[in-house]
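Please read the structure below before turning to the comments.
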Amino acid sequence: MREHMSSSERRLADFILENTHLLRDYSSQQLAGAVGVSQSSVVKFSQKLGFRGYPHLKLAVNEAVALGQNNESADTSADAQSLSYVDTIRSEANKHLDYLAEIEVSDGFAQALRLLKQARWVQILGEGDGQYPAVRLAQGLCYQGLRANLCGDHRLDLMLADQFEPQDLLIVVSPMECSDHCQQMIATVRQHQGKVLGLCRFGDTQLTSVCDVSLPLLVDMQSAPWEHGICALSLSYLVDILLLALKEG
């Protein structure tokens, strides 16, 4: 594949391979500056490798690095265990915040804002660790004067979805796999040409494939129970970023 790369793409590939440990802290702009290419070259390079954009390339590299670290010797594991609980949680939280910074400057984020600004009515569905962030989103939209509703009753959810119009928006906040109820909601909204925005986990092709716009988050389905709280916090931060951008835009 290297022989089909341009000189700037080869420089990017070499830098990433030689500095994988640095990529976690690099935005696309910082990577472009370090290599001496344009920011658009970073995005195009990521897409050429089969990723939707730089955030997804960065996530894949970080996951590969993490997998390699998990396979290190017992001595390394012992060193990791010496970290305090606060350090461990801080490390995980920072990883999510770094990724959110990339989402904020992505095309998907701009598209999500456009959907919210154009919406006549917003219905919100929260599942799993997405329930509290969904409540937060509904309250924030109402405070800004938008017509938004969050309902936990499945029958009422479907009744409201059946009243959708083309300019209405369904927002699914769910780091878990799309439930049967979620699928029914989306199918009903689609029958009325409504729009769907997904705040979901990275790699959830089932949900992202039926969304007009999706904002994928770092979610490890095999993570320890205590990490679920960080996932919910990450979703809440994404909701806050959306609300702030909507208010200032």
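Taken together, the values in this text are just the output of simple stated rules run on the coordinates, not laboratory data. Quick caveat, the model's predicted, so the values are computed rather than measured. Here the Cβ positions follow ideal geometry from the backbone for every residue, glycine too, while neighbour counts run over all protein chains shown.
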If amide H atoms are modeled at 1.01 Å from N in the peptide plane, then the residues at a separation of 5 or more from Leu170, or on another chain, having amide H under 5 Å from its own are Gln123, Lys195, Val196, Leu197
Taking the Cα centre of the range 107-248 as the origin and placing charges on Cβ (Lys, Arg +1; Asp, Glu -1), which of Leu199, Ser174, Leu113 is farthest toward the positive end of the dipole? Leu113
For a quick protection proxy, order the peptides 5-11, 22-28 by their average other-Cβ count within 10 Å, most packed first. 22-28, 5-11
Lysines within cross-link reach of Lys44: Cα-Cα under 26 Å, excluding same-chain residues under 8 positions apart? Lys58, Lys95
